[in-house]
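Worksheet for the structure shown next.
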Amino acid sequence: MAAAAGLWWLYFDVVSLLVEHRLAETRGRSRLSLAVHAFGYGHFPIVAGIVLTALGVEGVVAHADSGEGLGGFYAGALCGGAATYLAGLLLFGRISAGVWGPFRLAAVCLLLAWLPAAVVLPPLVGLSGVVVLLAAVAAAETWWYAELRRSVREEPDDVVK
């Protein structure tokens, strides 16, 4: 659940709101192009990352009591899936809002570096490493982008409540 919550938070916290505002401001062919590129091409690695991460978590659950390492297949799915998800978020943010996420880029590298350890460590330890990385990125972005978060979440003065 913590891994799913981390993935959810990283998508819905700021970038999705920035894109929502950008889509609302864009008109005509530019809006269509933005929607196709961001939600088409940009979302493919996001969805693939979710599926792969879920496969990795399934491997953790299936082998949690085995006392052996997670193994290359499930560790690759777990760490590679989370890295693919974050890379997809980087692509989505770049296409749709013109931003790069340095914390997310660092997390992609750290997840790939964690992969060899996740292969040999007990499954719950491998999953814990992924969850800690996702939580660290979410916490860092929440703190670093606090002002942007507030400005994106504010309602315009002309909206009737």
Check your understanding: Can VAL108 be described as without any contact (Cβ under 8 Å) to a residue 60 or more places away in the chain, open to solvent by less than 60 Å² (accessible area, probe 1.4 Å) and under 16 Å from VAL57 (Cβ atoms)?
Key -> no
Revision key, fill the gap. LEU34 vs (1) more than 22 Å from ALA135 (Cα to Cα); (2) in contact with a Gly (Cβ under 6 Å, 6 or more places away or on another chain); (3) not polar (S, T, N, Q): all pass except (2)
Point to revise | Tabulated pairs, region 73-88, first under 14 Å from LEU7 (Cβ atoms) and in a helix (DSSP H, G or I), second open to solvent by less than 10 Å² (accessible area, probe 1.4 Å) and polar (S, T, N, Q), C-beta under 7 angstrom, 6+ apart or interchain | key: LEU78/THR53; GLY81/THR53; ALA82/THR53; TYR85/THR53
Practice item. Report whether or not GLY28 is out of contact with any strand residue (DSSP E or B) (no Cβ under 7 Å at 6 or more places or on another chain), surrounded by fewer than 16 Cβ atoms within 10 Å (Cβ to Cβ) and at positive phi. Key: yes
Check your understanding: Do we find that GLY72 is open to solvent by 20 Å² or more (accessible area, probe 1.4 Å) and over 19 Å from GLU141 (Cβ atoms) in this structure?
Key -> yes
Check your understanding: Considering region 59-72 alone, what residues qualify as being of a type outside the set (Asp, Glu) and farther than 11 Å from ALA118 by Cβ?
Key -> VAL61, ALA62, HIS63, ALA64, SER66, GLY67
Practice item. Within region 90-104, track down each residue that is among the aliphatic types (A, V, I, L, M), open to solvent by less than 40 Å² (accessible area, probe 1.4 Å) and under 11 Å from LEU18 (Cα atoms). Key: ALA97
Point to revise | Pairs with Cβ under 6 Å, 6+ apart, first in region 34-56 and outside any loop (DSSP other than H, G, I, E, B), second open to solvent by 30 Å² or more (accessible area, probe 1.4 Å) and modelled with pLDDT under 90 | key: HIS37/ILE95; ALA38/ILE95
**Study point:** Checking SER66 against (1) surrounded by fewer than 19 Cβ atoms within 10 Å (Cβ to Cβ); (2) of a type in the set (Ser, Thr, Tyr); (3) under 27 Å from TRP144 (Cα atoms), the condition it does not meet
**Key:** (3)
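The values are calculated or read from the model by the stated rules, or taken from the named source; none is laboratory data. These figures come from a predicted structure and were not determined experimentally. As a convention, Cβ positions derive from the backbone with ideal geometry for all residues, glycine included, and neighbour counts pool all protein chains shown. Note: accessible area is taken over every heavy atom of the protein model, side chains too, but ligands, DNA and RNA are not part of it. Shrake-Rupley method; radii C 1.70, N 1.55, O 1.52, S 1.80 Å.
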